[in-house]
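Q: Handing you this structure, nothing more for now.
The values are calculated or read from the model by the stated rules, or taken from the named source; none is laboratory data. Quantities reported herein were computed from a predicted structural model and do not represent experimental measurements. Note: ideal-geometry Cβ built from the backbone for every residue, glycine included; neighbour counts use all protein chains shown. The accessibility values were calculated without ligands, DNA or RNA, using every heavy atom of the protein model including side chains. Shrake-Rupley method; radii C 1.70, N 1.55, O 1.52, S 1.80 Å.
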Amino acid sequence: MGDAFQIKSFKSIHTCGKDHKNSKISSRWLANIYLPFFRDDHTWTANALKGAVFRDYEVDVTLDQCYKAKRMAFKMIHGAEEKQYERLWDYAAAIRKWNVGSTVKIQIANDVFERMYVCLNACKRGFLAGCRPLIGIDGCHLKGIIGGQLLVAIGKDGNDNIFPIAYAIVEIENKSSWTWFLQCLLDDIGHVDENGWGLVETFKDLMPNAEHRFCVRHLYANFKKDFPGKVLKDAMWNAAKAATKNSFDFHMNELKKLDVKAYEWLVKLDVRTWSRHAFNPRSKSDTLVNNITESFNAWILEARDKPVLTMMEIIRVMLMQRLQTKRNHMRRYEGKVCPRIYKKLERIKSEVGHCISRWNGESKYEVEYIYGGRYVVDLNERTCGCGRWGLSGIPCFHAAAAIIEHGEQLKTYVDIAYTKETFLSCYQWMVSPLPSHEQWPKTPYDPIKPPKFTKKVGKRKKVRKREAREPINAFRVSKKGTAMKCGNCFQWGHNQRTCKAPDNPNKKAYKKKKKGQLGQSSTSGAKGSKKLSGTQQSNISNQQSSQSRTKDNTSGSRKDKGKAKA
């Protein structure tokens with residue numbers, strides 16, 4: 001017989017308060033109890049776990065226990081992060097087996113992981129079949145224990161959506177890692193001399209004939225370090241947006257008048273990398289920023305703090321679902337031009353009423369904009385003097401006025417890259433699903449060891465570092481750096497709330513008006529109103545008293561009538 005207890009006295013009435021502390025609850029117990037919640041929702045926070053424990057068991061646990069329980073739960077779900085590197089060879093073989101034609105490359109040094117490159121067959125063939133010859137590349141930090149960076153190559157489909165091509169895990173973003181990534185990418189999609197896709201000028205030894213564009217937002221981030229101010233910012237962006245040489249020269253001269261050094265800073269750059277008028281129209285894109293890669297990095301944010309194998313699987317599943325969803329939505333669409341391009345055409349039509357078109361009898365029109373400017377539109381060549389139609393492949397409002405005057409529809413003059421047929425050719429290949437890791441092929445290679453890392457003190461940072469002078473809230477003007485003047489002592493450098501001087505009786509007092517004061521007449525409070533005389537005031541008071549008497553009489557007569565009827 002085991003241990004037994006005997007109760008000798010029992011008091012059912014308690015006068016002590018309830019204690020929400022329980023030393024028997026451990027982080028491991030929390031991880032086992034709430035494991036299904038972490039499995040269903042990877043974004044479940046430690047604060048949410050703390051609230052759930054108090055709600056379910058009326059026990060107050062510490063945040064340190066919750067963080068530890070969360071790490072234990074993820075370790076139970078995904079396995080140890082160091083152990084996942086041992087299955088990378090099998091994972092690469094599984095992708096090649098169930099997604100035939102895909103490329104997976106792993107680079108190691110003395111059995112220690114360094115880099116991994118993945119290009120799925122559906123993404124590769126879809127880009128070659130239906131995307132424009134434009135690729136955006138960028139890197140983002142991984143938020144896991146070991147760290148590293150993820151390099152991505154993104155294209156644009158016919159609806160101006162992102163189309164992921166390839167991605168790779170590298171140790172750090174430098175010339176060596178970029179050269180390796182771009183060499184793997186070129187082996188998959190072809191060489192620059194054959195296709196002419198624009199990539200990065202940094203690697204001239206790999207792609208000497210490639211056209212390269214800077215992201216003007218990042219270019220301005222470097223520009224404003226030496227030349228801050230909104231006036232210079234607007235002048236630089238106007239020069240970047242200029243679609244003709246004359247417009248570019250005009251805005252650059254305006255910038256030169258403002259600041260000669262800022263003008264010289266921009267002149268040193270190759271104009272083909274940052275101004276629209278010098279872009280090659282073959283890519284049919286007039287974009288100035290690299291938002292397609294930024295959108296992809298934000299899209300996979302959920303996967304960037306996971307272990308290596310879990311992260312690669314999350315990205316693969318997201319791509320598989322995205323390709324299927326995009327294809328099904330476009331199949332149900334009935335238009336000829338993709339939906340986002342159709343909306344752009346509708347916005348362009350609203351400006352047609354401000355244009356006057358004159359036909360020359362052949363395929364050319366002289367279009368005059370009533371607010372200034374006259375341009376020549378050639379319908380056969382599909383060009384306009386403003387330069388926008390040739391760059392983007394979508395008619396500008398000058399061209400739209402000429403097309404409508406010619407009795408034709410705008411969608412017939414949109415480039416073939418924006419049509420439904422081209423979009424579906426881009427999404428005709430699908431990513432095949434993978435079974436669980438027990439069914440992966442077994443490879444004869446030695447297990448890969450994780451890279452060496454130094455564990456940092458404190459909580460891992462998952463929020464990116466903001467750039468210099470980047471506002472915390474983009475929709476609110478910050479007062480940082482502005483001079484403050486005190487309303488109490490009228491001195492500069494502080495405000496009235498932090499003023500240490502004695503109260504000034506002459507200070508300007510600001511009081512909030514009550515709701516009842518907003519409807520008062522302006523006769524008594526308005527500046528410059530005439531002061532009423534005594535006779536006028538007595539006449540007004542007599543009129544008010546007589547009006548109140550008539551109201552009382554009418555209300556009394558109504559009451560008497562009501563009593564009589566009753």
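Q: HN-Hα J couplings of segment 392-398 from phi, Karplus 6.51/-1.76/1.60, θ = phi - 60°, integer Hz, Gly and Pro as x?
A: Once θ is set to phi - 60°, the couplings for segment 392-398 become 9, x, 10, x, 7, 6, 5 Hz.
Q: For a quick check: with amide H placed at 1.01 Å from N, whose amide H comes under 5 Å from S285's, ignoring anything fewer than 5 positions away on the same chain?
A: Amide H neighbours of S285: none.
Q: Oh, and also: Please give the net charge around A235, taking every other residue with its beta carbon less than 10 angstrom from that of A235, where Lys and Arg add +1 and Asp and Glu add -1. Working shown, then result.
A: Working: positive: K230, K233, K256, K257; negative: D234, E254, D259.
Charge balance near A235 sits at +1.
Q: Right, here's the next one. Leaving ligands, DNA and RNA out of it, work out the accessible area of V112 with a 1.4 Å probe and give it in Å² to the nearest 10.
A: Result for V112: roughly 40 Å² accessible.
Q: Same structure, new question: Using the Karplus equation 6.51 cos²θ - 1.76 cosθ + 1.60 (θ = phi - 60°), what ³J(HN,Hα) coupling, rounded to whole Hz, does each residue of segment 317-330 give in order, writing x for Gly and Pro?
A: 5, 4, 5, 4, 6, 5, 4, 5, 5, 4, 5, 5, 5, 6
Q: Long-range amide H contacts for F113: which residues qualify at under 5 Å (H placed 1.01 Å from N, peptide plane, sequence gap of 5 or more or a different chain)?
A: The list, which skips near neighbours in sequence, is K449.
Q: A further question on this structure: On the protein heavy atoms, probe 1.4 angstrom, tell me the percent of accessible surface of segment 16-67 carried by carbon and sulfur. Don't skip to the end; give the middle numbers.
A: Details: 1790 of 3450 Å².
With neighbouring chains kept in place, the figure for segment 16-67 is 52 percent.
Q: Here's something else I'd like to know. Determine the relative contact order of segment 315-438: mean sequence separation of Cα pairs under 8 Å and six or more apart, normalised by residue count, in whole percent.
A: Working: 148 pairs, mean separation 37.2, N = 124.
Averaging sequence separation for qualifying contacts and normalising by length gives 30 percent for segment 315-438.
Q: Further question: Whose amide H sits under 5 Å from the amide H of T383, counting only residues 5 or more places off or on another chain, with H placed in the peptide plane?
A: HN-HN under 5 Å from T383: D378.
Q: Apply the Karplus parameterisation 6.51 cos²θ - 1.76 cosθ + 1.60, with θ equal to phi minus 60°, to every residue of segment 15-20 and state each ³J(HN,Hα) to the nearest whole Hz, in sequence, with x for glycine and proline.
A: 10, 7, x, 7, 9, 8
Q: OK, next. What FRET efficiency comes out for the pair M76/L301, r = Cβ-Cβ distance, R0 = 35 Å, nearest 0.05? Mind dumping the intermediate values first?
A: Working: r = 23 Å, r/R0 = 0.66.
In this case the efficiency is close to 0.95.
Q: With each pseudo-label sitting 7 Å past Cα toward Cβ, what's the T62-N246 distance in nm, one decimal?
A: 7.4 nm
Q: Can you compute the label reach from K97? Point 7 Å from Cα along the Cβ direction, backbone N cut-off under 12 Å, restricted to segment 108-126.
A: Output list for this probe position: empty.
Q: Can you compute the modelled spin-label distance between N504 and N222, with each label point 7 Å from Cα toward Cβ, in nm?
A: Inter-label distance under the simple model: 4.8 nm.
Q: Something else now. With an 8 Å Cα cut-off and a minimum separation of 6 or more residues, compute the relative contact order for segment 293-373 in percent.
A: On the way: 28 pairs, mean separation 10.7, N = 81.
Over segment 293-373, the number comes to 13 percent.
Q: Right, next: Just order 283-289, 494-500 by mean Cβ neighbour count inside 10 Å, highest at the front, would you? Numbers along the way, then the final one.
A: Details: 283-289: 19.3, 494-500: 12.6.
Averaged packing, sorted descending, gives the order 283-289, 494-500.
Q: Rounded to the nearest 0.05, what FRET efficiency is calculated for E334 and E264 with R0 set to 51 Å and r the Cβ-Cβ distance? Walk me through the intermediate numbers first.
A: Numbers: r = 54 Å, r/R0 = 1.06.
Approximately 0.40, to the nearest 0.05.
Q: Right, something else. Using only protein heavy atoms and a 1.4 Å probe, report how much of E366 is accessible, in Å² to the nearest 10.
A: Using a 1.4 Å probe on the heavy atoms, I get roughly 70 Å².
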